[in-house]
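Remarks on the structure that follows.
What follows draws every value from the coordinates through simple rules; no lab data is involved. Note that the structure is predicted; figures quoted are calculated from it, not measured.
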Amino acid sequence: MTGAFLFYLNNDLFQTFRDFILLLIAIPAALLTDFFQKRNNFEDALRHLWSQISSSVNEARQYTYRTEASEDEYRKILIGLSRSIDEVRSVYKNLGESKESIGYYPFESLKLMYELFGDLGFGQLDPVKAKHAREQLDHYWKNFKESFLWEFDRPEPESFNTPNDYGDRSKNNFMKWNENG
């Protein structure tokens, strides 16, 4: 009688376990799927944002090579930089943002590029002022890229392309050459 009771208890316990095992597997699987979907959506938004920002900054940089520019050209680039600043806000919160504080804009170099370009103006462009603006844009762009690109999950390439001839273009050979050369 005791054996039959234990069998019944074990069988009942087994049935309960069997019924809940799918639930125990499904919950972590759903959480992982949600996490990976959010990360994938975030990276898609970053890629779009990167494309827009790099285009705006390159247009601003090319503008500094001009000797004369129309108000329409100037405004188009200024609006592109402004849009880039606002697009960052759609992907990121400000650092330290809370109900009590607006926090700090996460990529201040982008705002500095906007201000710098805004000071250039349109019409006849002073070549010295334009060259200085270009140098500052390059500096701010480098700072921006260094911090922004950290947000991506980017693998190293397995091979590389360079105008120099290193023979074997595999990553390992380049790393050996770089250490020795």
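With the Cα gyration tensor of the range 52-137 giving a ≥ b ≥ c as the square roots of its eigenvalues, does the rule (a/c under 1.5 for rounded; else a/b larger than b/c for prolate; else oblate) give rounded, prolate or oblate? It is prolate, given that a/c is not under 1.5 and a/b is the larger ratio.
The alpha carbon convex hull volume per residue for the range 2-154 rounds to 155 Å³.
Pairs of Lys residues in the range 2-154 are counted when their Cα atoms are under 21 angstrom apart and they lie 8 or more places apart or on different chains; the count is 13.
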